[in-house]
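Peer 1: I'd like to ask some things about the structure below.
Just so it is clear, none of the values below were taken in a lab; they were calculated from the coordinates. Computed from a predicted structure; not experimentally measured. As a convention, Cβ positions derive from the backbone with ideal geometry for all residues, glycine included, and neighbour counts pool all protein chains shown.
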Amino acid sequence: MIQKLRDRINRVFVGKEEVVDHVLTCLLAGGHVLLEDVPGVGKTTLAKTLAAAINCSFGRIQFTPDTLPSDVTGLYVYNQKTSEFDYRQGPVMSQVLLADEINRTSPKTQASLLEAMAEGQVTVDGTRHPLPELFFVIATQNPIEYLGTYPLPEAQLDRFMMRLKVGYPSPEAELLMARNFLSREDNASSANGIEGVCDTADVLRMRREVADVHVSEGVLGYIGEIIDLTRQEKQFALGASPRALLALVRASQARAYLHGNDFIRPDDVRDVSVNVLHHRLILSEEARMAAADADSLVSATVRKARIPRE
């Protein structure tokens, strides 16, 4: 089923198999993902294709500076027939939610997603409304335009299991997209016409199986040492939090599951560590002045950890 899911998404989202694997890792681990890259590389296409492939409801919020929290969570509207206020759901009630250009809206509206991402519910006028059991946020932001934007605070970044960069496709993949476009095959392979390969029950079952992936004491100690090393690294003003440790454990389980294993290997931890940690760490002033790269620092920190022999 996972291989069929990969193939179905890669048929539309061409040339980025590793990005697809990381997004599936977040989905099966029960986390959320932040896609950060320039316009036109297919971030929205990836979100719509994923929702169609797993037969889930899809909601999209196009964030702007005047977007209100009620535009996300929904609001109560007075019903003249019943003389009562009825709850009108917002797009957050979708199973797969695309929060497009999340850094273009105000911090107040950004914060409206915090409760939903952390607790699986929203509170509107003092009343709690549970979200669907399968709830997956794919947020996007443009890293090159800063005019009129509101950078995500650390508290909100920490809610995302991974931050991914899509990047440009290879020349071969780009030419394939052009050929499909010219031959109109892209219409048949678009996200709107894609056939699903599984449903909500299948995804929830796979999530339960991911939680059962075995984590040995040696590998758990390995993950703990990586987290501790980020706190000791002088080029980080702020190390990884306990939430980061739990996210790294669950993402490693999902990565192992995607590769057909029922136990975590150190390779699984290394494969996900950079994308899980780099947005949770704050560089020191000296590191920023030296234009240090957070990804390289995380990779170097991971290499310092002692790999368990068993």
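Peer 1: Please work out, to two decimal places, the log10 of the ratio I(q)/I(0) at q = 0.06 Å⁻¹ from a Debye calculation in which every Cα of the chain carries one identical scatterer.
Peer 2: Per q value, in the given order, log10 I(q)/I(0) is -0.22.
Peer 1: A further question follows. What are the extents of the Cα atoms of segment 212-304 along their three principal axes, in Å, largest first?
Peer 2: If we take the Cα atoms of segment 212-304, the spans are 44, 21, 20 Å.
Peer 1: Per-residue counts of other Cβ atoms within 10 Å, averaged by peptide: what ranking do you get for 165-171, 70-76, highest first? It would help to have the intermediate numbers written out before the result.
Peer 2: Details: 165-171: 13.7, 70-76: 18.4.
Result, highest mean first: 70-76, 165-171.
Peer 1: Please list, ordered by chain and number, the residues whose modelled amide H lies under 5 Å from the amide H of LEU238; skip anything fewer than 5 residues away on the same chain.
Peer 2: ILE282
Peer 1: Which lysines does LYS48 reach when only Cα atoms under 23 Å apart count, and residues fewer than 8 places away in its own chain are ignored?
Peer 2: Of all the lysines, those that pass the test against LYS48 - Cα under 23 Å, at least 8 places apart if same chain - are LYS4, LYS16, LYS165.
Peer 1: In the calculated pair distance distribution of segment 1-118, what percentage of Cα-Cα distances lie above 20 Å?
Peer 2: Everything past 20 Å amounts to 50 percent.
Peer 1: Find how many whole Å separate the alpha carbon centroid of segment 201-275 from the alpha carbon centroid of segment 296-310.
Peer 2: 13 Å
Peer 1: Let me ask something additional. Starting from the amide H of VAL122, placed 1.01 Å from N in the peptide plane, find each other amide H under 5 Å away whose residue is 5 or more places distant or on another chain.
Peer 2: Residues meeting the criterion, in which the H sits 1.01 Å from N, are HIS129, LEU131.
Peer 1: Same structure again: Taking θ as phi - 60°, what are the ³J(HN,Hα) couplings along segment 123-137 by the Karplus curve (6.51, -1.76, 1.60), each to the nearest whole Hz, with x for Gly and Pro?
Peer 2: Once rounded to whole Hz, the list reads 10, 10, 6, x, 10, 8, 10, x, 8, x, 4, 8, 9, 9, 9.
Peer 1: If packing is taken as the average number of other Cβ atoms within 10 Å across a peptide's residues, how do 254-260, 284-290, 296-302 rank, most packed first?
Peer 2: Descending mean neighbour count gives 254-260, 296-302, 284-290.
Peer 1: Most exposed first by the Cβ proxy, i.e. fewest other Cβ within 10 Å, how do TYR222, TYR150 rank?
Peer 2: TYR150, TYR222
Peer 1: Can you find, among PHE136, ALA51, LEU34, the residue sitting farthest towards the positive end of the charge dipole of segment 2-193, where Lys and Arg contribute +1 and Asp and Glu -1 at Cβ?
Peer 2: ALA51
Peer 1: Also, I was wondering about something else. Hey, for a label at ILE307 modelled as a point 7 Å past Cα toward Cβ, could you say which residues of segment 224-265 have their backbone N under 12 Å away?
Peer 2: Within reach of a label on ILE307, which here means backbone N under 12 Å from a point 7 Å along Cα→Cβ, segment 224-265 contributes 265.
Peer 1: Percent antiparallel among DSSP beta bridges with both residues in the chain, to the nearest 5?
Peer 2: 40 percent
Peer 1: Per-residue HN-Hα couplings for segment 16-32, Karplus 6.51 cos²θ - 1.76 cosθ + 1.60 at θ = phi - 60°, whole Hz, x for Gly and Pro?
Peer 2: Coupling constants for segment 16-32: 9, 4, 5, 4, 4, 4, 5, 5, 5, 4, 5, 4, 6, 7, x, x, 10 Hz.
Peer 1: 222 nm [θ] for the chain, helices only, -39500 (n - 2.57) per DSSP H run of 4+, per residue, to 500?
Peer 2: -13500 deg cm²/dmol
Peer 1: Towards the positive end of the charge dipole of segment 161-310, with charges on Cβ (+1 Lys, Arg; -1 Asp, Glu), say which of VAL213, LEU297, SER252 has the farthest Cα.
Peer 2: LEU297
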